[in-house]
Amino acid sequence: MNPKKIKAFILDGNRDLHERLFVLSMIIMLVVWLLTLAEISLLGCTVPEILLLAGAILATAGVTVLSVRMGHYRIGALLISIGITFAFLPITFFGGGGIYGDAPLWFLFSILFICVSLSGKVKLVMLLLNGVTTVACWCISYLYPETIIENTRFSAHLYSLFALLMMATAVGILVSFQNRIYAKEVLRSQEQKQEIQQLGEAQNRFFSSMSHEIRTPINTIIGLNEMILREDISDEVAEDAQNIQSAGKMLLHLINDILDMSKLSSGKMELSYAPYHPGNMLSELVGMLWLRAKEKQLEFHVNVSPDIPAELIGDEMRIKQILVNVLNNAIKYTKEGSVTLSLQRGETADGMTNIIYTVTDTGIGIKKESIPYLFTAFRRGDEEQNRYIEGTGLGLSIVKELVDLMGGKITVNSVYTKGSTFIIEIPQRAVADDPIGEVHIERRKAEAFKQKHRVLYEAPEARVLVVDDNASNLLVTEKLLRETKVQTDTVSSGAEALKKTLNTHYHVIFMDHLMPEMDGIECLRAIRAQVGGLCKDSKVVALTANAGEENRTIYKKEGFDGHLVKPISGDLLEKELYCLLPKELTIVTGEEEEILKETISWMNATQQRKAVAITTESVADLPEELLKEHGIAVIPHMVCTEEGNFKDGIEIETSGLLHYMEDEECKVSVEGAGVAELESFFAKQLAAANNVIHISISSKLANSGCLAAKEAAKAFDNVTVIDTGQLSSGQGLVVLDACRYAAMGMSPKEIAEALENSKDLVRSSFIVDNLDFLARAGQVSRKIADLTRAIMARPVLVMKNGKLGVKKVYFGTRERAWVNYIKDVLRYPHTIDPERLVITYVGLNSREREWIRTEVEKHMHFEQVYYYQASPVIAVNCGSGSFALFVKTMEKSA
Ligand code: ADP
């Protein structure tokens with residue numbers, strides 16, 4: 001065995017740590033054993049003892065070498081652990097003086113060996129077995145001291161001292177080795193961290209240089225292509241050119257996305273907050289997207305709440321990017337119908353105003369299972385369906401990261417095949433309290449590109465210099481400016497530019513940023529400081545292929561008068577030039593009328609989206625007036641009969657149903673709405689509200705619909721379903737509470753929390769004539785119903801912990817039973833909320849109803865009493881001759 005090789009083996013960081021520890025501990029043990037062998041030979045031990053130890057040394061060394069060579073060191077370690085535990089330890093213990101010899105130290109060493117060389121379950125088992133052997137040895141030596149071969153006093157001292165020194169050395173070596181490995185690992189992880197950082201930086205550098213490199217040729221493609229489109233060309237050529245245009249733009253979009261993603265993931269994305277006018281931003285946004293929507297024959301609406309502040313502080317460019325992405329998707333994934341952008345002012349806190357942007361479309365919608373992955377980079381929704389829709393799956397992940405960076409929130413509600421709503425909230429500071437007021441949106445005439453471009457002005461007296469090291473870029477810029485008739489000179493370096501500016505006065509200079517030798521910024525400084533130069537005060541616009549428009553602050557700081565990103569749009573170039581040229585040099589060509597002024601369809605108060613919509617089921621038994629007053633949307637339960645299924649309260653009414661049910665043989669049951677219906681219902685509500693709180697009947701009732709509502713809500717981020725644990729007007733009282741909380745401006749989360757507390761305060765109970773109807777609806781067994789009827793019992797059904805049960809039974813006449821029921825419900829008036837009482841009845845005549853009202857008045861006065869016939873579904877369960885008092889208690893009772 002070569003010691004150098006062994007050392008290299010043990011220090012080899014690429015090998016399994018346990019394997020190295022195994023070999024190291026085996027070497028230590030073998031050395032200790034060899035020294036022990038020498039020791040006992042010198043001290044005159046018996047031959048069998050010497051042979052035994054020598055055999056153990058040979059066997060251990062053999063197993064170690066073999067197992068490591070064969071790549072199965074774990075087996076070797078296990079075999080040696082077994083040998084030590086069951087042979088070596090007991091022999092050393094009983095043959096070497098028991099607890100007064102060197103054996104206890106060997107027990108200690110064996111535990112150390114097992115711990116460093118084994119792992120997982122095997123280690124645990126071996127430690128356990130080792131423990132068992134130890135305990136057994138100690139017990140046997142205590143109970144049968146004669147089994148121990150005693151050492152002489154001298155040899156006991158000598159052996160234990162020797163073993164102690166060996167052990168201490170072994171432990172010391174092992175611990176130093178571990179420390180060394182730990183230090184090495186720490187160093188390695190630091191190196192790796194640095195490497196990752198460097199890799200990340202290299203990646204960012206790569207992305208930004210790639211972006212720069214790709215932008216330059218795209219600039220040429222898009223720019224020259226635009227020139228082709230401006231020419232008088234055939235339809236076929238125009239169509240080809242337009243395809244080149246959209247492919248170029250798509251490529252550009254992709255580069256921007258990749259660059260943004262890389263910045264976001266490396267935490268290098270910086271926001272640039274500045275005051276901006278949301279009206280102007282919307283105007284630009286509509287200008288960008290309206291044509292696309294129009295091309296797909298989609299309606300494009302913009303609704304802006306008039307209370308949006310006129311000026312906000314935020315990162316306008318990034319907000320625009322977010323909205324463009326979401327609106328682009330809405331247009332992309334919608335075949336017919338409309339796309340709507342709404343802006344609303346949300347709550348204000350800490351001087352920040354929440355601006356809520358809602359993008360709704362009537363498109364293909366998103367499958368429920370795709371929603372959790374919507375914001376994951378490179379993941380697209382329905383791959384099958386999206387196969388023919390271009391996209392990379394990057395847009396929404398960038399949107400989400402940007403929204404998060406701004407401290408905002410994005411949520412999505414979508415019904416597959418019906419449409420989607422994206423709600424984005426971004427907190428921003430209002431510059432002043434002035435509302436946005438009336439804003440005009442510039443909208444382009446819907447003409448093909450070919451006919452669309454009209455130069456708005458001419459400036460033949462104006463002189464313009466374009467500086468760019470790339471010849472194609474010079475060509476593009478020059479051509480794009482041609483129609484304005486400005487006198488354009490081009491140069492390909494900073495030095496040439498300085499020569500020109502020394503002798504010629506240029507009104508505007510378009511300056512590329514990245515150029516060899518002298519870059520754009522250096523060149524600008526030189527122009528400004530040029531002794532005898534004629535362009536010290538000229539307007540200079542930076543042209544850059546660096547996508548990060550955040551560079552605008554840098555350019556501004558450097559003294560540039562404008563900043564255009566390549567590929568340069570002809571329109572923007574013309575506009576920029578128009579703004580910078582002295583007005584006396586420009587001649588408006590009269591074609592300004594080509595730009596149409598359009599007003600955003602300003603949202604009036606009635607159109608305003610609600611922050612929270614409260615919805616419920618027909619079984620909540622709320623009267624029409626209350627539903628209207630609070631704008632509560634109701635989804636009907638179904639009444640299922642042999643004649644067909646009917647929507648509760650819409651296609652069937654209570655008295656008709658009672659009449660039908662007079663036939664005792666008829667089968668009637670009720671059923672809550674299904675998942676698909678509920679999804680459509682929620683989607684419809686979300687078209688006019690940012691959130692929905694759906695108040696549902698107890699989920700513990702058969703066919704309640706509550707669970708379906710919860711399932712349907714999964715398709716939406718903004719739908720919360722409350723299981724009231726109540727039914728009928730008990731549930732209705734919870735709905736009214738929800739409306740009150742919403743009117744107080746509570747957030748959906750706060751409303752849900754408040755309802756979880758207040759729903760248990762509602763007391764729902766019904767007194768019924770018998771249980772026949774419930775038996776027929778399958779809610780109680782037929783036998784119980786028959787028994788109830790036979791003994792003329794009038795049961796009181798009570799909702800307790802969400803379940804419907806018979807709480808009390810009154811005997812005797814109806815009148816007596818009713819008196820007792822009313823007395824029971826209103827027994828402790830001081831505990832009942834006097835604000836409102838709801839009485840619902842099934843099949844009672846006016847005299848009976850009046851009688852009940854008078855009886856109630858005898859016990860307690862309520863500020864508001866709602867009194868009406870229960871819905872058909874409730875009638876199915878209670879039957880004619882039933883009524884119910886619904887009250888709220890002041891505080892929870894047990
Ligand atoms: P993509 O480039 O695929 O459009 P996004 O990140 O913008 O990437 O969107 C991710 C996925 O979300 C899309 O592939 C699409 O399936 C789905 N999606 C986004 N917006 C809508 C929408 N308005 N309607 C339907 N599906 C949408």
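Every condition in (1) over 24 Å from Val735 (Cβ atoms); (2) in contact (Cβ under 8 Å) with a residue 40 or more places away in the chain; (3) open to solvent by 40 Å² or more (accessible area, probe 1.4 Å) is met by Gln869 except one, and the failing one is (1).
For Ile114, the conditions (1) aliphatic (A, V, I, L, M); (2) open to solvent by 80 Å² or more (accessible area, probe 1.4 Å); (3) more than 18 Å from Leu37 (Cα to Cα) are fulfilled apart from (2). For the structure I just gave you, tell me whether Lys249 is surrounded by fewer than 17 Cβ atoms within 10 Å (Cβ to Cβ) and over 26 Å from Thr477 (Cβ atoms). Spelling it out, it is not the case that Lys249 is surrounded by fewer than 17 Cβ atoms within 10 Å (Cβ to Cβ) and over 26 Å from Thr477 (Cβ atoms).
Against the numbered list (1) modelled with pLDDT of 85 or more; (2) outside any helix (DSSP H, G or I), Glu598 comes up short only at (1).
Residues that are in a helix (DSSP H, G or I), farther than 15 Å from Ser25 by Cα, open to solvent by 60 Å² or more (accessible area, probe 1.4 Å) and in contact with a helix residue (DSSP H, G or I) (Cβ under 9 Å, 6 or more places away or on another chain) within the stretch 69-96 comprise Ile75, Ile82, Phe86, Ile91, listed in sequence order.
Here's the yes/no breakdown for (1) at pLDDT 85 or above; (2) over 30 Å from Gly365 (Cβ atoms); (3) not in a strand (DSSP E or B):
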{"site": "Gly267", "(1), (2), (3)": "no, yes, yes"}
{"site": "Glu270", "(1), (2), (3)": "no, yes, yes"}
{"site": "Asn280", "(1), (2), (3)": "no, yes, yes"}
{"site": "Phe300", "(1), (2), (3)": "yes, no, no"}
{"site": "Ile313", "(1), (2), (3)": "yes, yes, no"}
{"site": "Ile319", "(1), (2), (3)": "yes, no, yes"}
{"site": "Val326", "(1), (2), (3)": "yes, no, yes"}
{"site": "Ala330", "(1), (2), (3)": "yes, no, yes"}
{"site": "Lys335", "(1), (2), (3)": "yes, no, yes"}
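Listed conditions (1) open to solvent by 10 Å² or more (accessible area, probe 1.4 Å); (2) without any contact (Cβ under 8 Å) to a residue 40 or more places away in the chain are all met by Ile99, apart from (2). The single residue among Asp404, Asp489 that is modelled with pLDDT of 90 or more, open to solvent by 10 Å² or more (accessible area, probe 1.4 Å) and within 16 Å of the ligand (Cβ to nearest atom) turns out to be Asp404.
Residues that are within 22 Å of Tyr273 (Cβ to Cβ) and without any contact (Cβ under 8 Å) to a residue 40 or more places away in the chain within the stretch 290-322 comprise just one, Lys320. Within the stretch 643-681, track down each residue that is aromatic (Phe, Trp, Tyr) and touching a residue at least 40 places away in the same chain (Cβ under 8 Å). Phe646, Phe681, listed by residue number.
Matching residues to (1) closer than 20 Å to Ile632 by Cβ; (2) buried (at least 24 other Cβ atoms within 10 Å of the Cβ):
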{"residue": "Ser728", "(1), (2)": "yes, yes"}
{"residue": "Gly732", "(1), (2)": "yes, yes"}
{"residue": "Ala742", "(1), (2)": "yes, no"}
{"residue": "Ala754", "(1), (2)": "yes, no"}
{"residue": "Ser764", "(1), (2)": "yes, yes"}
{"residue": "Leu771", "(1), (2)": "no, yes"}
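Residue check: Leu66 meets all listed conditions (1) open to solvent by 30 Å² or more (accessible area, probe 1.4 Å); (2) more than 20 Å from Met167 (Cα to Cα); (3) out of contact with any His (no Cβ under 9 Å at 6 or more places or on another chain) but one, namely (3).
Among the candidates Glu617, Glu624, Glu651, the residue that is touching a Pro at 6+ places or on another chain (Cβ under 9 Å) and open to solvent by 40 Å² or more (accessible area, probe 1.4 Å) is uniquely Glu651.
Can you tell me which residue in the stretch 750-766 is farthest from Asn691 (Cα to Cα), limited to those that are charged (D, E, K, R) and in a helix (DSSP H, G or I)? It comes out as Asp760.
For the stretch 300-315, the set of residues classified as open to solvent by 50 Å² or more (accessible area, probe 1.4 Å), farther than 21 Å from Val412 by Cα and not hydrophobic (A, V, I, L, M, F, W, C) consists of Pro306, Asp307, Glu311, listed by residue number.
To keep it simple, each residue is scored yes or no on (1) closer than 23 Å to Val619 by Cα; (2) assigned to a loop (DSSP other than H, G, I, E, B); (3) at pLDDT 90 or above.
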| site | (1), (2), (3) |
| --- | --- |
| Tyr821 | yes, no, yes |
| His830 | no, no, no |
| Ile852 | yes, no, yes |
| Glu855 | no, no, yes |
| Ile874 | yes, no, no |
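Within the stretch 359-388, being more than 7 Å from the ligand (Cβ to nearest atom), open to solvent by less than 40 Å² (accessible area, probe 1.4 Å) and at pLDDT below 90 holds for Ile371, Ala377. When Glu299 is tested against (1) at negative phi; (2) within 12 Å of the ligand (Cβ to nearest atom), only condition (2) is not met. Looking only at residues of the stretch 456-474 that are farther than 12 Å from Leu577 by Cα, in a loop (DSSP other than H, G, I, E, B) and open to solvent by 40 Å² or more (accessible area, probe 1.4 Å), we find that the one that is modelled with the lowest pLDDT is Asn470. On the stretch given as the stretch 505-531, residues that are surrounded by fewer than 20 Cβ atoms within 10 Å (Cβ to Cβ) and either at pLDDT below 90 or charged (D, E, K, R) (or both) total 7. When Tyr333, Tyr273 are screened for being under 30 Å from Gly200 (Cα atoms), aromatic (Phe, Trp, Tyr) and either open to solvent by 30 Å² or more (accessible area, probe 1.4 Å) or more than 16 Å from the ligand (Cβ to nearest atom) (or both), only Tyr273 passes. Looking across the stretch 36-49, the residues that are within 23 Å of Thr169 (Cβ to Cβ) and loosely packed, with under 14 Cβ neighbours inside 10 Å come down to Ala38, Leu42, Leu43.
The values are calculated or read from the model by the stated rules, or taken from the named source; none is laboratory data. From a predicted model like this one, the values you see are computed outputs, not experimental measurements. No Cβ is skipped: glycine too gets one built from the backbone with ideal geometry, and neighbour counts run over all protein chains shown. The accessibility values were calculated without ligands, DNA or RNA, using every heavy atom of the protein model including side chains. Shrake-Rupley method; radii C 1.70, N 1.55, O 1.52, S 1.80 Å.
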